[in-house]
Amino acid sequence: MPVFYQHDINGSTKLGVWHIQEQEDFFLAKVPLQREITHPHKRLQHLAGRYLLQYLFPDFPYELIQIADTRKPFLINEAYHFSISHCGNYAAALVSSNQRVGVDIEISTPKIARILHKFLNEDEKHFLFTYNYHDADDLKMPPGPQHNAIYRLPTLLWSAKEAVFKWHGNGGVDFSEHIRLQPFEFGNEGNINCAFTKFSNTGLMLDYRLFS
């Protein structure tokens, strides 16, 4: 089975990443398709993400999943808290029996340069452009294998904020104002301190890992 990555964080919280190589029938044998999804690949991503929930916790009750007005899937009885993400041919799921969670996976692409102003505050822009870029023009280089590395840090900043948004789960979040990332030592894996300020100054610790 193509489990790309699995991390049992502790006895109550587990993370899994699945490399999607199967056809729909593989997932449909175990996973109910709870809503109509017309795009074949998006449907496959959806099924792979749901499949991971029970792969991580065999007693996960698929049949009890509800969808909130914010489009966040949840269990009414909160037997598990969970978050699902998918990108390209990968799906990820983070599941916990005792705390809210949020996960996001992304592929680094040049398009991230066009939306920096939408999700970074001034302090985060300063961190980005003093870490290993001079200014925004450095992110406008033609795409290609030799340039893909320059998009990893800005993509990570976006992904970190997306994970916090999913952790919150109630919508109404301004990514630049309410999710504030602190400077960190950027590497292939590590931690990011975050302040979530929508209602109060809640401190969060985010874990990240790069795979390429």
How much of T130 can a 1.4 Å solvent probe reach, expressed as accessible area in Å² and rounded to 10? 90
For a label point 7 Å along the Cα-to-beta-carbon line of R35, residues of region 12-26 with backbone N under 17 Å: none
Given contacts defined as C-alpha pairs under 8 Å and at least six residues apart, what's the relative contact order of region 30-112, whole-number percent? 23
Mean separation of Cα contacts under 8 Å, 6 or more apart, over the residue count of the chain: relative contact order %: 15
Work out the FRET efficiency for D59 and N193 from their Cβ-Cβ distance, taking R0 = 41 Å, and round it to the nearest 0.05. 0.75
Positive-end extreme of charge dipole, the chain - chosen from F186, F74, L204 (charges on Cβ): F74
Using the Kirkwood radius over C-alpha pairs as Rh, can you work out the diffusion coefficient of region 160-212 via Stokes-Einstein at 20 °C, viscosity 1.002 mPa s, in µm² per second? 184
Note the full-extension length gain between K42 and A68 as 0.36 nm times their separation in residues minus their Cα-Cα distance, in nm to one decimal. 7.4 nm
How high is the FRET efficiency between R114 and L210 when r is their beta carbon distance and R₀ equals 25 Å, given to the nearest 0.05? 0.70
Heavy-atom accessible area of the chain with neighbours in place, 1.4 angstrom probe: carbon+sulfur share in percent works out to 50
Rounded, prolate or oblate: which one fits region 1-90, using the alpha carbon gyration tensor with axes a ≥ b ≥ c (rounded when a/c is under 1.5, else prolate when a/b beats b/c, else oblate)? oblate
Distance in Å, no decimals, from the C-alpha centre of region 150-212 to the one of region 103-118 is 13
Let's see if you can work this out: charge +1 on each Lys and Arg Cβ, -1 on each Asp and Glu Cβ, no other charges. What is the dipole magnitude of region 154-212 about its Cα centre, in debye to the nearest 20? 120
Rank these by accessible area, largest first, 1.4 Å probe: W18, W158. W158, W18
Quick one: putting +1 on the C-beta of Lys and Arg, -1 on the C-beta of Asp and Glu, what dipole do you get for the chain around its Cα centre, in Debye to the nearest 20? 300
What is the dipole size for region 1-80, taken about its Cα centre, with +1 at each Lys and Arg Cβ and -1 at each Asp and Glu Cβ, in debye to the nearest 20? 220
If you average 1/r over every pair of different alpha-carbon atoms in the chain and take one over that average, what Kirkwood value in Å do you get? 18.3
For a quick check, take a GNM of the chain with Cα springs below 10 Å and name the residue from G187, G171, G11 with the largest mean-square fluctuation. G11
Most fluctuating residue given options P183, P40, P61, as computed from a GNM of the chain linking Cα atoms under 10 Å: P40
Accessible area in square angstrom per residue, region 164-212, 1.4 angstrom probe: 58
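The values are calculated or read from the model by the stated rules, or taken from the named source; none is laboratory data. Here the structure is a predicted model, which is why all the values come from computation and not from measurement. Cβ coordinates were reconstructed from backbone atoms using ideal geometry, including for glycine residues, and neighbour counts include every protein chain displayed. SASA here: full protein model, heavy atoms, side chains in, ligands and nucleic acids out. Shrake-Rupley method; radii C 1.70, N 1.55, O 1.52, S 1.80 Å.
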